[in-house]
Each structure stands twice: as structure tokens, then as C-alpha cells.
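Worksheet: one structure, shown below.
The values are calculated or read from the model by the stated rules, or taken from the named source; none is laboratory data. This one's a predicted model, so the numbers in the text were calculated from it and none came from an experiment. Because the Cβ atoms are built from the backbone with ideal geometry, glycine has one as well, and the counts that use them run over all protein chains shown. Remember, those area values only see protein heavy atoms, side chains included, never the ligands or the DNA or RNA. Shrake-Rupley method; radii C 1.70, N 1.55, O 1.52, S 1.80 Å.
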Amino acid sequence: MPREPLDPARMGRRWVRRRARGMTVGAAAAALDVARFDARQNSRHEDLAGDERGPAELGEWERIARLLADAPPGTVYDPDADDVVQAELAADAAREAELREAMRIAARADELQALRELGTLDQTEPRTGDEAVRDELTRRAGGFIQDDIDAWLARALATHLGHYRDPAACEEAVASLLTPPVLAHAALLAELLRLVPGADVHQLAFAARLATTEPEAAGDLAAFLTRARTEAH
């Protein structure tokens with residue numbers, strides 16, 4: 001996973017926190033005095049004018065000194081109990097998780113692209129998160145809908161392949177992950193396959209065309225077939 005570029009200010013704050021661990025209010029005040037002295041000295045050097053780390057360290061010493069001054073007597077500094085530090089760590093973890101997910105989506109998109117070029121996409125079962133991969137492939141295509149990917153997902157949803165074997169995954173896809181044309185295609189396919197159990201989904205390609213051009217009509221037809229089947233029983 002690629003590393004984020006070094007942030008001098010963040011490095012400075014982390015260094016201060018390590019140094020400050022276990023300090024009392026008096027020790028932190030003394031460290032702050034030293035930091036202020038160093039800042040005055042550095043201000044005389046033009047080559048340090050753009051320094052980000054020094055001011056960040058001074059600001060962090062000031063914050064920690066205030067934190068201890070406001071704390072009950074005898075309190076020592078503990079980064080693990082510092083709300084600011086813990087919020088930063090949580091934000092870092094969230095960014096890393098987002099980066100990992102973006103990398104997973106990109107890798108899966110590359111894989112599906114290779115499978116479609118080999119002509120074996122239809123033989124591949126979808127995985128959890130492939131709805132987001134669909135969006136990535138659409139983005140890569142400049143926003144143009146990828147009909148073969150949509151049809152692949154619709155067929156999988158209609159026949160409960162891959163992660164759609166899990167009812168919860170189907171519910172989530174219907175509720176928020178897939179577009180109305182894909183959902184209409186899946187619903188229509190499901191009803192047609194119930195009507196003609198031996199049909200090959202590829203014989204029902206007209207369902208994809210209808211769902212793509214008239215998703216509302218396709219959904220209405222699926223609902224009509226569902227009602228007819230229910231009433232027949």
C-alpha cells in the first residue's frame with residue numbers, strides 16, 4: 001500500500017507526544033519554555049522561515065501544557081487518554097481503510113476487465129463489493145454504462161449466484177447498491193425463469209434491452225408477473 005507523503009508538522013506533534021508521555025504539569029511547562037526559546041532562536045535564521053515542524057512542535061507543547069494545567073493535580077500526560085490524539089488516530093485508521101478499499105476495487109476492476117476481454121465474465125461469480133467495482137468500471141469508461149457488467153450482475157442477482165446467495169446481500173443490493181435498470185433486469189429475469197424454469201438466461205437477452213431502455217416498464221412487467229404467479233397459486 002502506498003505511503004502518504006511525510007508531513008513535517010504531524011511528525012513534530014508525534015515527537016512531542018512521545019517526549020511528553022508521563023510528564024507532570026511542571027515538566028510540560030519546562031519543556032514548553034525550551035520550545036519557545038528554540039522558536040525564538042530559529043526565527044533569526046532565514047533558512048528556517050518555511051519550517052513547519054518547529055511551529056507544530058511549539059503548538060503541541062502549548063496544548064499539552066494547557067491540558068495538564070486544567071487537569072486534576074498529579075495528572076501526567078498520557079497520549080492514550082488524549083482525546084485529540086485518539087481522534088487523529090481514528091481519522092488515520094479511516095483513511096487507511098478507505099485507501100485499502102480503493103485499492104481492492106481497482107484490482108477487482110482490473111480482474112473483471114481481463115475476464116471480459118477473455119470472454120469468461122459470465123462464468124465468474126460476483127463477490128461482495130462488486131457493485132462498487134461496477135461503478136469504478138463505469139467511471140473508467142467516462143461515465144458510460146457498461147451493459148455487459150450490468151447484465152452480469154443482474155443475472156447473478158436473479159439466480160442468486162456468488163455473494164447473492166446471502167439474502168442480506170440481495171437486500172442490500174436492492175436497497176442501495178444497484179441502479180434501477182439493473183434491479184429491473186434482475187426482477188424481470190427472476191420472474192421469467194420461474195415462468196420457464198428450463199430457460200437459459202442468455203435466451204432472455206430481451207429482458208436486458210427492456211430494462212436498459214425502459215426500466216420502469218421492465219419493473220412493472222416483473223411486478224405483474226409476480227402478481228399473476230401469486231394469484232395462480
Inset, instruction - With a cut-off of 11 Å, note down the residues of the range 4-24 whose backbone N falls inside the zone around a label point 7 Å from the Cα of Ala102 toward its beta carbon. - result: 4
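Tally Lys and Arg at +1 and Asp and Glu at -1 over the other residues with C-beta under 15 Å from the C-beta of Leu210: what net charge comes out? Kindly include the intermediate steps, with their values, before the conclusion.
Values: positive: Arg155, Arg209; negative: Asp147, Asp150, Glu191, Glu214, Glu216, Asp220.
Taking every other residue near Leu210 into account, the sum is -4.
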Legend entry - Distance in nm between pseudo-label sites at Arg139 and Ser176 (7 Å out along the Cβ direction from Cα): 1.8 nm
Inset, instruction - Enter the Cα centre distance for the pair the range 12-26 and the range 34-109, rounded to the nearest angstrom. - result: 11 Å
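May I ask you to derive the FRET efficiency for Asp7 and Ala114 from their Cβ-Cβ distance with R0 = 30 Å, giving the value to the nearest 0.05? Before the final figure, lay out the partial values.
On the way: r = 37 Å, r/R0 = 1.22.
Rounded to the nearest 0.05, the efficiency is 0.25.
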Legend entry - Distance in nm between pseudo-label sites at Thr75 and Asn42 (7 Å out along the Cβ direction from Cα): 2.7 nm
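By how many nm would the segment from Leu161 to Gln86 lengthen if fully extended, with 0.36 nm per residue of separation less the alpha-carbon distance? Before the final figure, lay out the partial values.
Working: separation 75, 0.36 × 75 = 27.00 nm, distance 4.17 nm.
Gain in length upon complete extension: 22.8 nm.
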Legend entry - Estimated dipole of the chain in Debye, rounded to 20 [Cβ of Lys and Arg +1, of Asp and Glu -1, Cα centre]: 480 debye
Legend entry - Simple spin-label estimate for Arg209 and Thr226 in nanometres, 7 Å along Cα-Cβ: 2.6 nm
Legend entry - Structure-derived Rg and Dmax of the Cα atoms in Å - corresponding label in [x] 18.0, 64; [y] 19.1, 60; [z] 29.3, 90: [z]
Inset, instruction - Take the alpha-carbon centre of the range 129-150, take the same for the range 170-233, and report the distance between them in whole Å. - result: 20 Å
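Using the heavy atoms of the protein chains alone and a 1.4 angstrom probe, what is the accessible area of the range 77-194 per residue in square angstrom? Before the final figure, lay out each step's value.
Details: 6090 Å² over 118 residues.
That works out to 52 Å² per residue.
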